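Heads up: the structure comes next, in structure tokens.
The values are calculated or read from the model by the stated rules, or taken from the named source; none is laboratory data. All values reported here derive from a predicted model rather than from experimental measurement. All Cβ positions, glycine included, derive from the backbone under ideal geometry; neighbour counts span all protein chains shown.
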Amino acid sequence: MKKILWFRHDLRVEDNLAFNAACKDGEVLPVFIYDQNYWELETSSSYHLKFTQDSLEELNQNFKDQFNSNIHIYYGNTLKVLDELINKYKFEEIYSNQIFRNQYILDLDQKCKNLFKEKNILWQQEQQFGIQLENRKRNFWSSQWNNFIDLNPVKAQINCKFLKVDTPSFDKIKTKEIDGTNIQKGGRKQALSLLQSFLEQRSENYQKEMSSPVTGEVACSRLSPHITYGTISLREINFAITSAKKENMSFNKVKSLRSFRSRLAWHCHFIQKIYDEPEIEWQNMNRAYDGLRENSFNEEYHHAWKIGLTGYPFVDACMRYLKANGWINFRMRAMLVSFASYQLWLDWKRTSKHMAQLFTDYEPGIHYSQFQMQSGTTGINTIRIYNPIKQSTDQDPNGSFIKKWVPELQNVPDKLVHEPWKLTYLEQKDLDLEIGKHYPHPIVDHHSSSKIARDKIWQIKKTDEAKFNAQKILRKHASAKGRR
């Protein structure tokens with residue numbers, strides 16, 4: 001029996017159900033395909049590509065060392081690649097893990113299903129997130145997810161022969177190039193190292209330090225891109241957390257790990273959302289908000305927000321940090337989106353594409369749900385408009401983060417670095433700094449723009465249509481704990 005083992009967002013062999021299922025017998029060809037059209041989407045970027053290449057390079061080396069084989073890597077049209085492999089080598093079965101990304105992947109998978117049906121090929125897909133694929137029962141989602149995540153990770157097992165075939169060479173993969181300087185390195189060794197350091201040291205003050213970009217860089221697990229590309233599984237992370245010796249831990253660390261584990265559940269909860277309703281990628285979850293921002297998009301505001309020149313130092317510092325690192329902590333992501341959606345009144349359907357490129361850990365299910373939540377278009381979430389000055393003084397009280405990432409302001413006194421427009425003419429002269437020339441004036445008045453935005457959102461939120469839609473959304477998507 002000849003089989004294709006199709007690696008996708010599961011770049012590991014440990015706790016990889018598709019790997020074990022394919023390798024239990026027969027002849028197996030390990031394959032990875034860089035889908036050309038996917039990498040040219042406006043949500044794809046060199047950040048994603050670099051992390052994928054790192055991870056794939058390590059996985060390929062692992063295959064050589066352990067199995068005297070290699071991953072066969074292709075670039076082009078996925079459907080064409082698979083069709084040619086089937087026709088040339090007479091494969092009968094294909095194994096992969098299920099992935100839930102965006103409409104493009106959804107459409108691609110449907111085309112693959114049609115091709116495999118036409119060719120009489122078995123396509124066996126395995127579960128790796130514990131979401132409900134059919135007949136979803138909302139009240140039992142939590143208990144079913146816990147049953148899935150609490151299973152012990154499975155070891156890689158092989159009883160097959162790995163095939164070797166010729167693969168065509170290809171030129172540089174085309175995608176959006178971004179010149180970040182400190183992107184996380186991909187690969188399973190990195191994932192395991194991060195997990196170990198988080199469990200042993202960095203999680204001590206996770207709950208207290210995760211909100212600030214100053215402390216969050218270390219206090220957060222930093223496993224998110226590894227989860228996205230599957231260099232480590234959720235069950236492996238959960239097993240490590242639950243196996244840790246709690247008796248040797250401080251009370252803070254026990255609470256922190258409990259909090260972190262809950263975020264594994266939220267990860268899958270949001271993937272469930274995009275599986276249940278793929279449309280959240282491109283349309284408002286609550287259709288009563290259609291037309292709210294679409295016809296009033298300000299290109300000047302959008303550009304200033306993207307390059308970190310809004311005149312709000314903390315907002316700009318966070319955006320510049322994100323571009324350099326391909327990552328920023330969750331609260332700051334929420335603030336950046338909120339500022340764009342409310343103070344700048346920019347449509348999330350466009351701002352989300354830019355942020356997708358910058359997030360090395362771009363996970364569509366989480367991404368679009370959070371963008372809609374922070375933009376007020378779900379109708380079921382609290383309208384949370386972040387005050388950029390309060391966030392600045394709360395999360396960066398002495399302005400060290402601002403001064404590092406907005407060096408134009410590095411000589412401004414700490415008490416004024418959050419609001420440099422309050423510098424007097426003489427103070428600016430002494431600092432050799434001119435607000436409006438060396439660093440911009442605030443692009444909007446955040447007090448008045450926030451009030452206008454809040455009023456517009458509430459005007460819709462109070463309507464019967466918005467309320468009716470909100471109830472439907474709650475029935476479909478809201479999490480509810482069921483019986484164990």
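Given the conditions (1) within 30 Å of ILE307 (Cα to Cα); (2) surrounded by fewer than 17 Cβ atoms within 10 Å (Cβ to Cβ), and given that SER197 satisfies all but one, which numbered condition is not satisfied?
(1)
Looking at (1) under 25 Å from PRO30 (Cβ atoms); (2) loosely packed, with under 14 Cβ neighbours inside 10 Å, which is the only condition ASP109 fails?
Among (1) under 25 Å from PRO30 (Cβ atoms); (2) loosely packed, with under 14 Cβ neighbours inside 10 Å, the lone unmet condition for ASP109 is (2).
HIS418: surrounded by 13 or more Cβ atoms within 10 Å (Cβ to Cβ) and either modelled with pLDDT under 95 or among the hydroxyl-bearing types (Ser, Thr, Tyr) (or both), yes or no?
Against the criterion (surrounded by 13 or more Cβ atoms within 10 Å (Cβ to Cβ) and either modelled with pLDDT under 95 or among the hydroxyl-bearing types (Ser, Thr, Tyr) (or both)), HIS418 does not qualify.
Looking at ASN411, ASN398 in this structure, which one is surrounded by fewer than 19 Cβ atoms within 10 Å (Cβ to Cβ) and within 31 Å of the chain's Cα centre (by Cα)?
Of the residues listed, the single one that is surrounded by fewer than 19 Cβ atoms within 10 Å (Cβ to Cβ) and within 31 Å of the chain's Cα centre (by Cα) is ASN398.
Filter the stretch 289-332 down to the residues that are in a loop (DSSP other than H, G, I, E, B) and crowded, with 17+ Cβ neighbours inside 10 Å and list them by number.
LEU292, ARG293, GLY308, LEU309, THR310, GLY311, TYR312, GLY326, TRP327, ILE328, ASN329
Restricting to the stretch 38-50, name every residue that is assigned to a helix (DSSP H, G or I) and either of a type in the set (D, E, K, R) or in contact with a Phe, Trp or Tyr (Cβ under 7 Å, 6 or more places away or on another chain) (or both).
TYR38, HIS48, LEU49, LYS50 - these are the residues of the stretch 38-50 that are assigned to a helix (DSSP H, G or I) and either of a type in the set (D, E, K, R) or in contact with a Phe, Trp or Tyr (Cβ under 7 Å, 6 or more places away or on another chain) (or both).
Have a look at ILE105, ILE131, ILE173 and point out the one that is at pLDDT 95 or above and either in a loop (DSSP other than H, G, I, E, B) or in contact with a Pro (Cβ under 8 Å, 6 or more places away or on another chain) (or both).
ILE173 is the lone residue from the list that is at pLDDT 95 or above and either in a loop (DSSP other than H, G, I, E, B) or in contact with a Pro (Cβ under 8 Å, 6 or more places away or on another chain) (or both).
When the residues of the stretch 71-94 are filtered to those that are under 27 Å from the mean Cα position of the chain (by Cα) and under 30 Å from TRP282 (Cα atoms), which remaining residue is surrounded by the most Cβ atoms within 10 Å (Cβ to Cβ)?
THR78
Can you tell me which residue among ILE460, ILE435 is over 21 Å from PHE314 (Cβ atoms) and touching a helix residue (DSSP H, G or I) at 6+ places or on another chain (Cβ under 6 Å)?
From the options ILE460, ILE435, the qualifying one is ILE460.
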